[in-house]
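Engineer: The structure's right below; bear with me while I get my questions together.
The values are calculated or read from the model by the stated rules, or taken from the named source; none is laboratory data. Bear in mind the structure is a predicted one, so any value in this text is a computation, not a measurement. Note that we place each Cβ from the backbone using ideal geometry, even for glycine, and neighbour counts take in every protein chain shown. With ligands, DNA and RNA removed, areas are computed over all heavy atoms of the protein, side chains included. Shrake-Rupley method; radii C 1.70, N 1.55, O 1.52, S 1.80 Å.
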Amino acid sequence: MSLSGITTNILSSLGNNTGSVIPIATKDLIQNQVIVAEYAKNGGKHDAFEKFIEENGTSAVWLGGLPLVKKLMDKTIYKAFNISPDVDIKKLKKGSADSLEFAMNKLKEQGKENGEQYAELLKAANNKNLTKALFVSKFAVATLATLFALTKIITFKQKDTEEKVKHKVLVDMAGENVLRNSVKHSPAGAMFYDKYSASKNSDNKDNKNLSFKGLGNIASAFMYNPILNQSLLDVGITGLRYKTARDGERRDVMIKEAFEIAFLYPLAYPIQKGFDLLFGKIFNKDTNLDYNVLASDRFESNLANNSLKDSLNKFVKDFDVEKIGKDGAVDNKVLNFIYDNPDNPVVKFLKDTGDVSTVSKVTGKKFGLFNIKQATDEIDSLAFINTKSVQKSIKKLSKTVDNMNGAIGNADKVKNYLNGAKAAKGLSIVSAIAFGIWAMGVLQTKVVLKMRKDKTGSTENEAVVNLEHKIRHQMAFEGKNGLSGLNG
């Protein structure tokens, strides 16, 4: 594969907005190490290791464990009930334009009622309640498994820190005990000790009545109701982290989670849009379309031969674009157009954007375990076509076509324009990811550490400091001198 091909694949993956984990995985992988480095440099003694365990462990569960649990459910529960997990649940939603029945009728019209996809749609249509229940159960099990695994990760890092603190206290007390004995057995020390021994004994007697308030047991995973979207899972993770946080670090947790949710949801789109506008202005190119579309050979070819522009103009005349996704009759007309004209340049464009999914065929095995799939041009009837997304893509295409001015119809000018647009979009994608990494890895960490210092005068984790004081007092109360603890 050429260097340009590799670059295209990387940037297409990083800029994938159709549910791919690659952009999130890339950001998390780098961001986690930045967080660890910041805490190692400016944080408390145990911060770096705790963050390394928690951040990377959470990413592993989120990016690997969660999809794995869902895949296991697909291979077991769904298979046991003979229902395909590939049937999009949104096709069962009441009032959906791209319903099970609509897709089945289109397959009938195409003479594909004996095909595999028709059979899978039919089973789902005849077992709607079961299909919905399986979907909810899969998400519930995956969610609970995620929260359980996260609890174990947090508990592990807390227990590890506790053992390290306990060992440190034992070592410190052993050193203090050696020094105390040296002073006690010196002539001056003996005189001092004899004089105040009664007072000391009295103090020891009083100490027996002391009571120390513990930090409490580490909270275990709490039950969270079955949820149907990713944002609620994030709320569950935030709640779990707050619940399992130790005394003195809950503010740290809430600051970090507030940053996480803010940059994952309300700020993600405007940040990316802002960089799109910035680099679009610099390069004088429209950057609304995804990188994989701009890099598509088919997209370039259909612009060069004018077919996409002509088809778009006809599409805009035939359909009220403003009503797409809002009017059932218009949506039905649009869906019929898509299914009936799979080779239309506009429909091919919608395939490039991911709005119209295509069937993937298994072409072999990787390492003898994983299926190697290759996309075809056949529309996937099991997938759901979101007409609101179709409307957005059509509007973006119209804007890009308008921005290209006289370039369309000229192969060289189209290529030059798209090269500039790809450069602008690529820089926008990388900049947005870099900004997110800086915000979460550097800014968030500095805010947490500043808040700590403002409160306690130190960047040490207050929970760990409290833990050390508690262990020290407890050992003193139990009469441990450090040496016995280390030897025992």
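Engineer: What aspartates and glutamates sit close enough to K425 to cross-link, taking a C-alpha to C-alpha distance under 18 Å and skipping anything fewer than 8 places away on the same chain?
Structural biologist: D276, D286, D290, D297, E300, D352, D402
Engineer: Suppose accessible area is computed on protein heavy atoms with a 1.4 Å probe; arrange T76, T358 from highest to lowest. Mind showing how you got there, number by number?
Structural biologist: Details: T76 75, T358 35 Å².
Descending order: T76, T358.
Engineer: Can you put H469, H46 in order of accessible area, largest first, using a 1.4 Å probe?
Structural biologist: H469, H46
Engineer: Per-residue accessible area for M451 at 1.4 Å probe radius, Å² rounded to 10?
Structural biologist: It works out to around 70 Å².
Engineer: Let me ask something additional. So what is the relative contact order of region 329-464, in percent, for Cα pairs below 8 Å that sit 6 or more residues apart?
Structural biologist: With pairs under 8 Å counted, the relative contact order is 13 percent.
Engineer: In addition: Could you rank the peptides 391-404, 308-321 by their average count of other C-beta atoms within 10 Å per residue, with the highest value first?
Structural biologist: 391-404, 308-321
Engineer: Could you run the Karplus curve 6.51 cos²θ - 1.76 cosθ + 1.60 with θ = phi - 60° over region 262-270 and give me ³J(HN,Hα) per residue in whole Hz, x for Gly and Pro?
Structural biologist: For region 262-270, the Karplus curve yields 4, 7, 8, 10, x, 9, 4, 5, x Hz.
Engineer: At a 1.4 Å probe, what is the % contribution of carbon and sulfur to the accessible area of region 237-307?
Structural biologist: Values: 2060 of 3310 Å².
Carbon with sulfur: 62 percent of the solvent-accessible area.
Engineer: Do any of K27/K70; K256/K351; K132/K399; K123/K373; K108/K128; K71/K243 go past 31 Å between their Cα atoms, and which?
Structural biologist: K256/K351; K132/K399
Engineer: Show me, for region 97-111, the HN-Hα J-couplings you get by feeding each phi into the Karplus relation (A = 6.51, B = -1.76, C = 1.60, θ = phi - 60°), rounded to Hz, glycine and proline as x.
Structural biologist: 5, 8, 7, 4, 5, 4, 4, 5, 5, 5, 5, 4, 4, 8, x
Engineer: Can you send over the solvent-accessible area of W62, 1.4 Å probe, protein chains only, in Å² to the nearest 10?
Structural biologist: 50 Å²
Engineer: Can I ask one more? Measure up K45/K159; K166/K455; K91/K388; K94/K388; K309/K422 against 18 Å on the Cα-Cα distance and list the ones that go over. Don't jump to the answer; show the numbers that get you there.
Structural biologist: Values: K45/K159 15 Å; K166/K455 25 Å; K91/K388 15 Å; K94/K388 16 Å; K309/K422 20 Å.
With Cα atoms farther than 18 Å apart: K166/K455; K309/K422.
Engineer: What does the highest-first list of 102-111, 427-436 look like by mean Cβ count within 10 Å?
Structural biologist: Descending mean neighbour count gives 427-436, 102-111.
Engineer: Rank by packing, highest mean first: peptides 286-296, 155-165, with packing defined as the count of other Cβ atoms within 10 Å averaged across residues.
Structural biologist: 286-296, 155-165
Engineer: Continuing with the same structure: For T358, enumerate residues with amide H under 5 Å from its amide H, sequence gap 5+ or separate chain, H modeled in the peptide plane.
Structural biologist: Result for T358 returns D380.
Engineer: Another question, if that's okay. With every protein chain present, what accessible area does F52 have (1.4 Å probe, heavy atoms only), rounded to the nearest 10 Å²?
Structural biologist: Only protein atoms counted, so the area is about 100 Å².
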